[in-house]
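To start, the structure itself, in structure tokens.
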Amino acid sequence: MTYPTRSYAAFSATTPLAPHSFERRDLREDDVLIDILYCGVCHSDLHTARNDWGWTHTYPIVPGHEIIGRVTQVGANAKKFNIGDLVGVGCLVDSCRTCPPCQHGLEQYCEAGHTLTYGSHDRHDGTLTQGGYSTAVVVSEDFVLRVSEKLDTKAVAPLLCAGITTYSPLRHWNVGQGSKVAVVGLGGLGHMAVKLAKAMGAEVTLFTRSAGKSDDAFRLGASHVVLSTDEEQMKAVANTFDLIIDTVPYTHDLKPYVPTLALDGTLVLVGLVGELEQTINTVPMIMGRRSISGSVIGGIAETQEMLDFCAEHNVVPDVEMINMQDINTAYGRMEKSDVKYRFVIDMESLKK
């Protein structure tokens, strides 16, 4: 038995997203069927739909990897969830499960290549995975996450990408009480980095090129705002930060930020996909044993840990709700950074 599913899909790199109907697969033994309530809108969705990264080879493709819904059916041997459970699905729906990263709960670094929620080929039948801009999804229970009913359900979805993308490096570099953390950029990722670092007990600084971001930064939990274009302000925070989370999604000069790291400090890139070009000078790195690193989302165990942390500390993204029919307008606004700070689709609009 397959499951008729309504969705919005990209039919080419140059046309707007449009309604699309297709069949979800029958449940395998370890699968769950999820009725989708909400789906976040990520820049990756737009880039994939338009083939900006050159990775999209097959259309139509249904974006969406920040999925919140309820379980409506479980496979014969699925034991982790019951019908009615509130659950989430993030960027991954499978991995090889046997390589060293997978064995250590780091499926995002699967050596055989993880299976993305959309745009990947299913490891079992080779079909193209389709994402959460849809009424339902079928996923292995091992890649489904439990969501607390204590959180604002409408706002949870972006935690599955923006949340875990910033939580993972904060945890990996042991941010806690008294840590000094800086965040570069205050968009979907940046605002989550500020909220999460603050909830972990860190003293948070925002680096920005726009003085107009200050009020929002303080509201979200930052203690300081530094204009990265002001040389005097940058000199004043030299040798300060244990960790810098850089969320800027385009090529930019890293040289001004490295000297602001403390001894053994690390600048982590989480927003940029592509070339750095000539943006690094090794002198301030070797003189302070400073590092530049990168990080991508998180494994399933860490994503569950993040969701539980957010439930404990009542941390959710700032979101703007939209109907599915408004997705192309939302893409246009996202390109202009005209959203505070993440769009979430109310999937009831698609079901109607």
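The values are calculated or read from the model by the stated rules, or taken from the named source; none is laboratory data. What you see is a predicted model; the values in this text were computed from it and never measured. In this analysis, Cβ positions are derived from the backbone assuming ideal geometry, glycine residues included, and neighbour counts consider all displayed protein chains. Heavy atoms of the whole protein, side chains included, go into the accessibility calculation; ligands, DNA and RNA do not. Shrake-Rupley method; radii C 1.70, N 1.55, O 1.52, S 1.80 Å.
Things to note:
- The sole residue among K180, K195 that is in contact (Cβ under 8 Å) with a residue 40 or more places away in the chain and closer than 28 Å to V41 by Cβ is K195.
- Filter result for L37 (part of a strand (DSSP E or B) and either open to solvent by 40 Å² or more (accessible area, probe 1.4 Å) or not hydroxyl-bearing (S, T, Y) (or both)): yes
- Residue pairs whose Cβ atoms lie under 9 Å apart, sitting 6 or more positions apart in sequence or on different chains, and linking a residue in the stretch 150-167 that is aromatic (F, W, Y) to a partner that is surrounded by 24 or more Cβ atoms within 10 Å (Cβ to Cβ), are Y167/L159; Y167/M192; Y167/A193; Y167/L196; Y167/G298; Y167/T303; Y167/M306; Y167/C310.
- Screening the stretch 323-352 for residues that are touching a Ser or Thr at 6+ places or on another chain (Cβ under 8 Å) and either assigned to a strand (DSSP E or B) or of a type in the set (S, T, N, Q) (or both) and picking the one that is nearest to S21 (Cα to Cα) gives Q325.
- Within the stretch 4-18, residues that are surrounded by fewer than 16 Cβ atoms within 10 Å (Cβ to Cβ) reach partners that are of a type in the set (F, W, Y) and outside any strand (DSSP E or B) with beta carbons closer than 9 Å, at six or more positions or on different chains, in the pairs F11/Y59; S12/Y59; A13/Y59; P16/Y331; A18/F11.
- Of all residues assigned to the stretch 181-189, at least one qualifies as being modelled with pLDDT of 95 or more and over 18 Å from the mean Cα position of the chain (by Cα).
- Residue within the stretch 190-198 that is farther than 26 Å from V147 by Cβ, among the hydrophobic types (A, V, I, L, M, F, W, C) and under 21 Å from the mean Cα position of the chain (by Cα) present: no
- Residues within the stretch 200-247 that are modelled with pLDDT under 95 and among the hydrophobic types (A, V, I, L, M, F, W, C), tallied: 1
- Checking D215 against (1) more than 29 Å from G64 (Cα to Cα); (2) in contact with a strand residue (DSSP E or B) (Cβ under 8 Å, 6 or more places away or on another chain), the condition it does not meet: (2)
- Residue match in the stretch 223-232 (condition: out of contact with any helix residue (DSSP H, G or I) (no Cβ under 8 Å at 6 or more places or on another chain), surrounded by fewer than 20 Cβ atoms within 10 Å (Cβ to Cβ) and closer than 14 Å to V181 by Cα): yes
- Residue tally, condition of a type in the set (A, V, I, L, M, F, W, C), touching a strand residue (DSSP E or B) at 6+ places or on another chain (Cβ under 8 Å) and free of Cβ contacts under 8 Å to residues at least 60 places away in the same chain, over the stretch 105-139: 1
- Residues that are open to solvent by less than 70 Å² (accessible area, probe 1.4 Å) and charged (D, E, K, R), drawn from the stretch 261-304: R290, E302
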